[in-house]
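Structure record follows, encoded as structure tokens.
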Amino acid sequence: MSQISDRYNSQEVEGRIYSWWEESGHFKAQDRSTKPPFCIILPPPNVTGFLHIGHALDHTIQDCLIRWKRMNGFNALWLPGTDHAGIATQSVVEKELKKENLTRQELGREKFLEKVWEWKNQYGDRIYKQMRRLGDSCDWDRSCFTLDEGVSKAVRKVFVSLHKKNLIYRGQRLVNWSGPLETAISDLEVEHRSVKGSLWHIKYPLEDGSGYLVVATTRPETLLGDAAVCVHPEDERYKQLVGKSVILPLLNKKIPIIADVYVDKEFGSGVVKITPAHDFNDYKVGKTHKLEFINILTRQCRMNENTGPYQGLSVQEARKRVLEDLKTQGLLEKEEPHSLSVGHCSRSGAVVEPFLSEQWFVRTEQLSVPAKRVVESGTTKFEPESWTKVYLHWMNIIEDWCISRQLWWGHRIPAWYCQDCGHITVAETDPTECESCQSKSLKQEEDVLDTWFSSALWPFSTMGWPTETESLKTFYPTSMLVTGHDILFFWVARMMMMGLEFMRDIPFRKVYLHGIVRDAQGRKMSKSLGNSVDPVELIEKYGADALRFSFLAHIHSGKDFKFSEQRTEGYRNFMNKIWNATRFAMGNLSDFTTPKNGTKALPNKAHMSIYDQWIIRKLARAEAVIEESLEQNRFSDAASALYSFVWYEFCDWYIEFSKPVLSGTNAEERQATQLVMAQVLNRVMRLLHPFAPFISEELYQKLPIKGEACIVDQYPNPRIDREFLGLATEAAAFEVDVVKEVISAIRNIRGENRISPALKINVRLSPNDGEMQKILGNNRNSIMNMGRIENLDISDEGSEAKCAVTPVIVDTSQVKVIIPLSGLVDIDEEVKRIEKTIEKLIKDITGLSGRLNNENFVKNAAEDVVEADRQSLAQSKIQVESLREALIRLQS
RNA sequence: AGGGAGUUAGCUCAGUUGGUAGAGCGCCACCCUUACAAGGUGGAUGUCGCAGGUUCGAAUCCUGUACUCCCUACCA
């Protein structure tokens, strides 16, 4: 071990360890097991996508949970899978085709799909490979893809079943439409961006020639689809005109003036043009007032045959032409700058048009009822809890779900139109004839399903449903769902509805929603901003463990967080610290014989040092904090308890305390410390494993005390091996506290007086009683070692002239640390140091005595609080007195 | 507009039942003290957004207010 590099080389370790785990079958879960089940289904990433930083966060949390549960004796299943990601994948492949000057239409449906499958086969396992780099311990044998045969069967069955229950229907609705992709897109895929536009005021002449109404609009081209103009029913300016008509400019068509409270009297001119087929609000008005729905766009979002002379123009061109024409005719009153938010297609970047079309919908009213109830009753819990409200709020205003997409890549809707009678046959297996008229002339629906439709079935479709498999029996409902809060509605809510409908049970007991990873400035990471970080690059640079640790140490209650590479670097250093601490231990364990009873082996109590006892005590405390934190999914608390224990207790103090013991002449003491060190490291590696699986496994394998594999060894907690943890005594803890305080006092004097660490100095420790005298004597070696002392005198006799002095008080025991300064440094520095300390103490004393002099405080506050104040007041007073004396002697 | 979250050290954030404010990074000083310079030791830094209230005592509870962010919806 001592020949091993003094730097941890993650790149050398990770691949090797991962392959070994995988070959050993450690990731596999059992369909039948006596162990309790714990199951997480992986939110399926885009099959041809890259692992991005958001996945890395998401996966790290899940893997941490899975590894922790696995080590705790659970039959832990992390079920991986990928999503065909309809629109995303299709548009990527279309872009590729464009490079060859091809369109999907030119290629035809079948050929195009072949291309997409080729693409999928080429890139389909890229993300799985990247997940392995991160250390994801998925049960790979169970991997699913949303277009797999089994999953597809489930999709069809669900569709048919919902259709039969009249929970799926077909209808004409206004949907978000992407022109370039020629498909409806979901609300999720619409990005609202603030755009600087204009508000144009257009004159609509009254039919009777008595003047005109001014209509304000941001979209003048849509006037070609106007079906009415609308005013507020109580608007005195226009009240008398309601029921009359105006002439629609350019098309010279008569349209009615109607009244509706939807109109805001204060905005613009108070008159609104109503374009029912191209605006969501106008759509509603159109429905209430039974207006004509005039579609003015083609599927490519160009002006259609209803727009007369404007036919064939793009929306932008039409707007320009319409404005020009209005101006020529003197109908454009004015143009005002106006900013508004406009929906853009997240895939193509194009402006999204509200577009009237035939689509398939899921009726959500009925499905949402149980999905609400289980959350209200707490059967499924959200973490953080605040999402419960958000979820319920959304469930209350939920609208029917448009599930058809005019794409080719996806699950083609299992509906067949009869060319003869028009009947729609919906069936699980491709029908050969119309179920109504038995005609053989059938044509399958061209549309495919929204990607989220198959995702909604994920918790059970991945386990073999509709077959009643052992997997389903064992693992459904799943234990937990971990995902970003950005897909709460689109995915989580829909899985709830589908799970309850088809499994008659919740899909998961708990939903853990974490935040979104943002860049250092707090912006969402995205390709277009160029601010995204590649997790694989980070893994190559700092190691997977460092990356994982920086996530786990930093996620707090589901809040978004800003990613900084610096932090990852910091945890890389932590991994290196662990590496070197182990390296040190191994260097001192060369003559250590591995005990037969392994982790049950106990050191000889009589020969244990107080440091051994102290570190065991600290370990037990850290284990308790870690366990409690993990139980509550407070990963950062667990991570920081681990970090502090390893660095600030084990490395900073225990290793230093152990040096004199390990290099000392007392063989029995040395053996005891060796065993304690080996035991503590063994537990540290296991504790660390869910957070930093690679380094912990690698080092674990090198330890003299170890099990088969860290990944499947028992996760430590204060109830495991109680005999070992019980070896710590309170007396030892007190003693170590005293020694630490004394050493810190010496170091403080050295540091403040700028005494070089290279220089060994003389120190006198003046104890106030025999007990203290004994403690100091027992720990002579450590104090000299860690205080860098040439001669240590433990005695209450001697001069304090020209000396630096610090009184140390632990409970009621006192010791004065005295360091002669003459010839060493200028005493002015020491004067300053003492004065600064006195000042601080006086401030404390003022505060404390102020409180204690307050009758009400003494009367009302808890007794222990008052007592603690009294004690620290007394201590501070003693310290000040002692320091004042020292100051006088120093200056005399 | 509705819903949610936030405002604490230069930066990123902790702070569980009210009891004299914490961490990491950064900063300053001194050190290659044989596990680790990806390190060691010491040090500095905050009217806890603002204003009230409850209380012996408020970062923490209540009320109001300013600002920021997110989500949903959207002003034609």
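The values are calculated or read from the model by the stated rules, or taken from the named source; none is laboratory data. If you're wondering where the values come from, they're calculated on a predicted model, not measured in any experiment. Because the Cβ atoms are built from the backbone with ideal geometry, glycine has one as well, and the counts that use them run over all protein chains shown. All accessible areas refer to the heavy atoms of the entire protein, side chains included, with ligands and DNA or RNA removed. Shrake-Rupley method; radii C 1.70, N 1.55, O 1.52, S 1.80 Å.
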Per q in 0.22, 0.23, 0.29 1/Å, what log10 I(q)/I(0) does a Debye calculation on the alpha-carbon atoms of the stretch A:396-459 return? -0.90, -0.93, -1.14
Diagonalise the Cα gyration tensor of the stretch A:438-578 and give the resulting equivalent ellipsoid semi-axes, square root of 5 times each eigenvalue, largest first, whole Å. 39, 21, 15
Using amide H atoms built in the peptide plane, which far-off residues or other-chain residues are under 5 Å from A:LEU199 H to H? A:GLU336, A:HIS338
Between A:SER314 and A:GLU839, what is the label-to-label distance in nm when each label sits 7 Å out along the Cα-to-Cβ direction? 6.9
Rg/Rh ratio calculated on Cα atoms of the stretch A:570-691 (Kirkwood radius): 0.98
Solvent-accessible area per residue for chain A at a 1.4 Å probe radius, Å²? 44
Sorted by packing (mean other beta-carbon atoms within 10 Å per residue), highest first, where do A:324-336, A:109-121, A:735-747, A:49-61 land? A:49-61, A:735-747, A:109-121, A:324-336
Relative contact order for chain A using alpha-carbon pairs under 8 Å, separation at least 6, rounded to a whole percent? 12
With the cut-off at 19 Å, report for the stretch A:319-412 the share of all Cα pairs above it, as a whole percent. 69
Working note, the stretch A:171-216: Cα radius of gyration (Å, one decimal) and Dmax (Å, whole number) are 17.8, 47
Isotropically averaged projected area of the stretch A:127-209, using the convex hull of Cα atoms (one quarter of hull area), nm²: 13.3
Given the stretch A:746-892, what whole percent of its Cα pairs are spread farther than 22 Å? 47
List, in the order given, every pair from A:LYS69/A:LYS740; A:LYS69/A:LYS559; A:LYS203/A:LYS290 whose Cα-Cα distance in the structure shown is over 26 Å. A:LYS69/A:LYS740
Mind checking the log10 I(q)/I(0) for the stretch A:197-296 at q = 0.24 Å⁻¹? Debye, one equal scatterer per Cα, no solvent, two decimals. -1.46
Please report Rg (one decimal) and Dmax (integer) in Å for the Cα set of the stretch A:89-233. 24.6, 78
Return P(r) of the stretch A:236-359 (all Cα-Cα pairs; 10 Å bins starting at 0; whole %; ordered from short to long distances). 10, 35, 42, 12, 1
Cα to Cα, under 14 Å, and not fewer than 8 places away if on the same chain: which aspartates and glutamates meet these conditions relative to A:LYS196? A:GLU335, A:GLU336
Only four residue types carry charge here, +1 at the Cβ of Lys and Arg and -1 at the Cβ of Asp and Glu. Report the dipole size of chain A about the Cα centre in Debye, rounded to the nearest 20. 520
List the cysteines of chain A that have no other Cys Cβ closer than 4.7 Å: which are they? A:CYS39, A:CYS64, A:CYS138, A:CYS144, A:CYS230, A:CYS301, A:CYS345, A:CYS402, A:CYS651, A:CYS710, A:CYS803
Simple spin-label estimate for A:GLN11 and A:HIS423 in nanometres, 7 Å along Cα-Cβ: 6.8
Write out the trypsin sites (Lys or Arg not before Pro) in the stretch A:237-324 meeting two conditions: DSSP loop, and at most 11 other Cβ atoms within 10 Å of their Cβ. A:LYS290
What length, rounded to one decimal in nm, is gained on full extension from A:GLU22 through to A:GLU723, with 0.36 nm per residue of separation minus their alpha-carbon distance? 248.9 nm
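Return the tail of the calculated pair distribution for the stretch A:1-160, meaning the percent of Cα-Cα pairs more than 27 Å apart. List each step's numbers first, then the result.
Numbers: 5043 of 12720 pairs.
In whole percent, the share of Cα-Cα pairs in the stretch A:1-160 beyond 27 Å is 40.
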Length gain on complete extension for the stretch A:GLU266 to A:SER644, per 0.36 nm per residue less the alpha carbon to alpha carbon distance? 129.9 nm
Kindly sort A:MET463, A:MET503 by accessible area of their heavy atoms, largest first, with the probe set to 1.4 Å. A:MET503, A:MET463
Using the Kyte-Doolittle scale, which helices in chain A average at least -1.0 and also have C-alpha atoms spread 24 Å or more along the helix axis, with helices defined as whole DSSP H runs? A:53-71, A:610-631, A:667-688, A:730-752, A:827-852, A:863-891
Quotient of Cα Rg and 2.2 N^0.38 Å for the stretch A:368-428, N being how many residues it contains: 1.76
Diffusion coefficient in µm²/s returned for chain A by Stokes-Einstein, Kirkwood Rh over C-alpha pairs, 10 °C and 1.306 mPa s, is 48
Among bridges DSSP assigns within chain A, what percent are antiparallel (round to 5)? 70
I need the GluC sites (Glu not before Pro) found in the stretch A:795-892, filtered to DSSP loop residues with at most 11 other beta carbons within 10 Å of theirs. A:GLU797
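Would you tally the net charge around A:GLU317, using a Cβ to Cβ cut-off of less than 11 Å, leaving A:GLU317 out, and scoring K and R as +1, D and E as -1?
That works out to +2.
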In Å², nearest 10: area of A:TRP401 left accessible to a 1.4 Å probe: 10
Full-stretch length increase - A:ARG780, A:GLU234 - with 0.36 nm per residue and alpha-carbon distance subtracted: 187.2 nm
Between A:VAL190, A:HIS201, A:GLY171, whose Cα lies farthest towards the positive end of the dipole of the stretch A:141-251 when Lys and Arg beta carbons carry +1 and Asp and Glu beta carbons carry -1, centred on the Cα centre? A:GLY171
Taking all pairs of distinct alpha-carbon atoms in the stretch A:540-615, Kirkwood radius in angstrom: 15.9
